[in-house]
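Have a look at the structure below, then the notes.
Each value in this text was obtained by applying a stated rule to the coordinates, not by laboratory testing. Predicted model only: the values in this text are computed from it and were never measured. Heads up, the Cβs are rebuilt from the backbone with ideal geometry, glycines too, and the neighbour counts pull from every protein chain shown.
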Amino acid sequence: MLARAVREVEAAVQRRRVTPAVRTKFQVVALLAREEHARVRREQGSSQAHRAEQLKRLDGIATILAKAAVRDPALLALLAEDAVVSDAARSLKRDMLRTAGIEAAPEETAPTEPAATSVGTERRVVPRSVVSRQLANPFLAPDFSSARSSTVVPRRLADWELLNPLLSSFERAGGGAPACMALPASAAPLRVPGNRELMPHQVQLVAAAAAGHRTFLLADEPGLGKTAQALLAAQAANAYPLLVVVPSVVKTNWAREAGMWTPNRSTTVVHGNGDTVDGFADIVVVNYEVLDRHVGWFGDFGFRGMVVDEAHFIKNRTSQRSQHVLALSERIRSRTVRPLLMALTGTPLINDIEDFRAIWQFLGWIDETEPLAELMDSLEETGLTPADPGFYSAARKCVIDLGIVRRRKVDVAADIPARRTADLPVELDEKVGRSIRSAERDLARRLVSQYETALVSRRSGVGQGIDHDLVRRVATWEQKNASTTTGENVFSMMRRIGQAKAGLAADYATQLARSAGKVVFFAKHVDVMDVAEEAFARQGMRFSSIRGGQTPSTRQKNIDAFMNDPDVAIAVCSLTAAGVGLNLQVASNIVLAELSWTDAEQTQAIDRSHRIGQTEPVTAWRIIAAQTIDSRIAELIDRKAGLAARALDGSDEEVWSSADVQHEALVALLTDALSALSQERGVSQSGH
């Protein structure tokens with residue numbers, strides 16, 4: 001087992017693919033080899049020849065480890081006697097021992113965690129780069145001495161129970177009651193890098209942050225750019241370092257948006273134990289699922305701002321995720337002068353008003369039992385008590401003025417396009433992602449082999465560099481022979497990527513349905529639809545299924561259920577069977593779980609909702625698998641669509657076929673592989 005593991009490490013080092021997982025495996029092999037070496041030398045029940053054979057094999061493993069460390073000197077530190085053994089390494093070590101049929105020593109046994117770990121128990125992990133940050137400049141430690149106290153001074157309303165009346169004030173509000181704080185009426189246009197233009201409603205919120213407002217419950221409907229508003233508000237408030245807590249499905253998108261809107265600020269994303277975290281970054285993005293591992297160093301990092309995306313995730317105040325978020329917020333508020341705190345959610349204010357207790361607590365407006373200083377001051381100024389008729393409308397306004405911002409698409413329709421497509425990059429599950437990227441490399445190697453074989457057989461005209469004409473010929477051969485070729489092809493890879501994205505796309509569709517109403521979910525393959533429907537069923541979301549093979553009566557019954565039944569939140573549609581001929585204008589949000597091969601097919605799907613009878617702007621959310629061929633194909637589709645629009649001056653005629661996109665994807669894949677191979681050979685030759 002050790003021999004097999006060390007060969008995997010050796011291969012990764014030779015390919016210069018030394019990831020955190022490889023480093024962990026390197027350290028675990030070294031630890032186990034060291035322990036096994038000591039055990040064999042102590043063993044009395046075996047012959048001397050057997051012990052010598054075992055020691056010889058262990059010495060061979062040690063030799064491979066040493067050679068790997070020479071190739072990558074960063075691995076040397078893991079061989080030191082006092083090297084830190086991470087939680088991931090301990091876990092892998094236990095797994096390897098278990099696989100070998102060896103019972104772990106008591107100190108190696110994973111501790112049993114209670115069902116609900118106390119928030120005060122800070123487990124956990126501290127990324128090395130964070131330690132480096134602290135050691136590099138001790139003056140980076142935050143100064144907590146001037147932070148504002150939130151102690152409430154007892155006054156007129158001290159003996160009144162106020163939280164339930166405050167919540168009730170939203171339920172009692174009439175239809176015309178305002179749901180948004182006063183924002184700057186005419187803010188100056190904001191210059192954004194890359195010639196990007198903010199919509200007026202976005203500029204207003206950023207201007208409020210620039211003017212000194214520091215707490216926001218940003219409840220704009222989906223599609224109105226809450227992410228950009230939060231990032232630019234943090235920049236206006238100079239709220240760095242900034243902690244951003246998000247669902248895993250949008251973690252990659254937040255990092256990308258941060259690079260777009262605030263490119264002058266560095267961003268790091270926390271994955272797993274944080275081995276790749278940049279401790280010097282201005283913006284730290286973490287998903288709810290791994291927050292518990294990092295609350296310890298987060299609390300001491302000196303954050304001056306915190307954003308919680310999809311804030312309805314913390315509505316259950318007894319859950320660990322909610323407790324961690326609230327504990328971090330309290331720590332930031334108690335140690336930082338006027339931090340920026342933003343809760344982002346598209347959930348309408350009138351629904352499940354009790355859920356806002358946790359959000360208000362995160363923002364520092366209330367604690368477990370009563371309003372805190374700023375809100376209490378506002379309530380005192382009204383001169384009213386819960387016994388007075390005018391208290392509820394006045395109390396509601398007091399809460400809204402603390403920072404509730406709610407705009408609907410129809411209210412700012414003049415500011416946004418009638419139809420738009422927004423890309424949402426997602427990270428695939430680690431194991432699945434590795435498998436898909438490995439298959440992509442195999443496909444690239446096959447294309448390179450075909451290219452080099454053809455290049456050798458040519459009699460003349462062979463020059464330096466990449467022969468782009470030959471690259472296109474190889475891509476054409478691959479297209480023609482895709483059905484008979486052994487191994488992955490571009491079609492099977494896109495199907496695998498669709499299957500891997502299905503659960504993530506379904507999660508996002510569920511979020512949209514709960515916050516913005518009905519959603520149309522499109523997929524190309526039946527198995528992707530099946531995975532999505534299983535996910536919706538688990539989450540208690542009612543859906544209609546519109547796919548090929550249904551009888552006309554069944555199909556119409558499912559369409560009618562989606563259109564007319566308010567409890568049917570999602571229509572799961574086949575891109576080919578439901579992409580044309582349907583009226584689904586009851587929904588203004590569309591999730592495209594798989595890429596079309598042409599822009600026309602994608603547009604046809606969007607037009608199921610963007611049609612006569614639609615009263616709101618339509619947003620199509622295109623789910624893209626980051627760091628895979630999925631991203632390149634999305635770019636190709638968009639580029640072809642732009643060329644077609646310019647060539648035809650707005651005509652709907654299709655000039656680029658699906659075969660063109662497939663061909664261009666193969667050309668790009670082969671060209672990149674040849675460029676990388678050429679560079680690698682150049683480095684190798686210069687080394688000799």
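Structural remarks
- Computed over the range 166-408: relative contact order in percent, which uses C-alpha pairs under 8 Å that are six or more apart: 28
- Which of Ser322, Thr262, Leu384, positive extreme of dipole for the range 166-408 (C-beta unit charges): Thr262
- Set of lysines with alpha-carbon distance to Lys251 below 19 Å, sequence-local pairs under 8 removed: Lys226, Lys431, Lys501
- Note on the range 309-456: Kirkwood hydrodynamic radius from all Cα pairs is 20.2 Å, rounded to one decimal.
- Here the range 2-108 is treated as a Stokes sphere of Kirkwood radius computed over C-alpha pairs; at 37 °C and 0.692 mPa s its diffusion coefficient rounds to 227 µm²/s.
- Exposure proxy ranking, count of Cβ atoms within 10 Å, fewest first, for Tyr451, Tyr240: Tyr240, Tyr451
- Computed over the range 2-108, relative contact order equals 34 percent, with contacts defined as Cα pairs under 8 Å that lie 6+ residues apart.
- Packing-based order for 254-260, 437-443, 394-400, using average beta carbon neighbours within 10 Å, highest first: 394-400, 254-260, 437-443
- Across the range 156-289, the relative contact order, built from alpha-carbon pairs under 8 Å that are at least six residues apart, equals 19 percent.
- Here the range 166-408 has an Rg and Dmax of 17.6, 57 Å, counting Cα atoms alone.
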